[in-house]
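Written out below as structure tokens is the structure these notes cover.
The values are calculated or read from the model by the stated rules, or taken from the named source; none is laboratory data. Note that the structure is predicted; figures quoted are calculated from it, not measured. For neighbour counting, all protein chains shown are included, and Cβ atoms are generated from backbone atoms with ideal geometry for every residue, glycine included.
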Amino acid sequence: MKPNIGISEKNLKHGAALLSIIVSNEMTLYIKTRKAHWNITGESFMELHKLFESQYKQLEEAIDEIAERIGKLGHKTIGTMNEFIKLSLIKEHPGKYESTKDTLKELLKDHESVIVHLRESIVEMGGKNNDAGTADFLTGLMEQHETTAWILRRYLK
């Protein structure tokens with residue numbers, strides 16, 4: 001049964017498509033953060049190991065909330081790595097193992113890319129799409145990424 005929540009069917013479909021890109025970005029960033037957690041070495045090993053663990057757990061929670069938001073809009077959530085890779089704006093680098101500093105820079109760049117995309121998506125969802133609920137949800141998600149980016153940036157000063 002389609003939701004009757006004051007959003008046109010066209011806008012529900014558009015919102016779900018936009019959220020599919022966002023969940024793909026989150027999934028790719030989750031995998032990259034896990035890789036950093038598993039492969040970090042050096043002086044700050046334990047500190048960064050724990051930091052990355054807290055970050056991937058936060059991403060895991062966000063992924064589930066995005067998937068549920070897609071369901072609330074009356075659509076199915078994608079769920080294969082193939083689909084995530086096709087839609088993600090963030091790219092992986094198979095076989096590449098960066099230094100600690102370069103890993104931090106890469107994750108920072110990814111979080112900042114997600115922030116920019118979320119900021120654009122918030123405007124689109126709240127305005128043209130008439131979906132204040134999703135816009136509000138994305139605002140909270142953006143704020144989480146801003147905090148993570150701020151933390152990563154502090155390691156690079």
Task: Count of residues meeting criterion [surrounded by 14 or more Cβ atoms within 10 Å (Cβ to Cβ) and touching a residue at least 40 places away in the same chain (Cβ under 8 Å)] in the stretch 142-157 - done: 7
- [ ] With the condition kept exactly as written, say whether any residue in the stretch 5-17 is in contact with a helix residue (DSSP H, G or I) (Cβ under 7 Å, 6 or more places away or on another chain) and under 24 Å from S113 (Cα atoms).
- [x] yes
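Across the stretch 49-80, what is the total count of residues that are assigned to a helix (DSSP H, G or I) and either touching a Gly at 6+ places or on another chain (Cβ under 8 Å) or more than 28 Å from E98 (Cα to Cα) (or both)?
Of the residues in the stretch 49-80, the ones assigned to a helix (DSSP H, G or I) are 49-72.
From the residues that got through so far, the ones that are either touching a Gly at 6+ places or on another chain (Cβ under 8 Å) or more than 28 Å from E98 (Cα to Cα) (or both) too are 64-72.
Result for the stretch 49-80: 9.
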Task: Which numbered condition K86 misses (of (1) under 19 Å from L118 (Cα atoms); (2) more than 14 Å from the chain's Cα centre (by Cα); (3) not in a helix (DSSP H, G or I)) - done: (3)
Task: Check on I7, surrounded by 13 or more Cβ atoms within 10 Å (Cβ to Cβ) and not in a helix (DSSP H, G or I) - done: yes
Open item on the list: Under 8 Å between Cβ atoms, which residue pairs at least 6 apart in sequence (or on different chains) link something in the stretch 54-73 that is more than 14 Å from L18 (Cα to Cα) and buried (at least 22 other Cβ atoms within 10 Å of the Cβ) with a partner that is at pLDDT below 95 and polar (S, T, N, Q)?
Closed with: none
Open item on the list: I'd like the full set of residues that are of a type in the set (V, I, T), in a helix (DSSP H, G or I) and out of contact with any helix residue (DSSP H, G or I) (no Cβ under 6 Å at 6 or more places or on another chain), limited to the stretch 29-44.
Closed with: I31
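When you go through D102, D136, D110 one by one, which is the residue that is in contact (Cβ under 8 Å) with a residue 40 or more places away in the chain and out of contact with any strand residue (DSSP E or B) (no Cβ under 7 Å at 6 or more places or on another chain)? Show your work before the answer.
Values: D102 fails: in contact (Cβ under 8 Å) with a residue 40 or more places away in the chain; D136 fails: in contact (Cβ under 8 Å) with a residue 40 or more places away in the chain.
Step by step, each of D102, D136, D110 is checked, and only D110 is in contact (Cβ under 8 Å) with a residue 40 or more places away in the chain and out of contact with any strand residue (DSSP E or B) (no Cβ under 7 Å at 6 or more places or on another chain).
How about the stretch 31-48: which of its residues are more than 11 Å from T100 (Cα to Cα) and either in contact (Cβ under 8 Å) with a residue 12 or more places away in the chain or of a type in the set (A, V, I, L, M, F, W, C) (or both)? Please lay out each step first, then the result.
Residues of the stretch 31-48 more than 11 Å from T100 (Cα to Cα): 31-35, 38, 46-47.
Of everything in the stretch 31-48, those that are more than 11 Å from T100 (Cα to Cα) and either in contact (Cβ under 8 Å) with a residue 12 or more places away in the chain or of a type in the set (A, V, I, L, M, F, W, C) (or both) turn out to be I31, K32, T33, R34, W38, M46.
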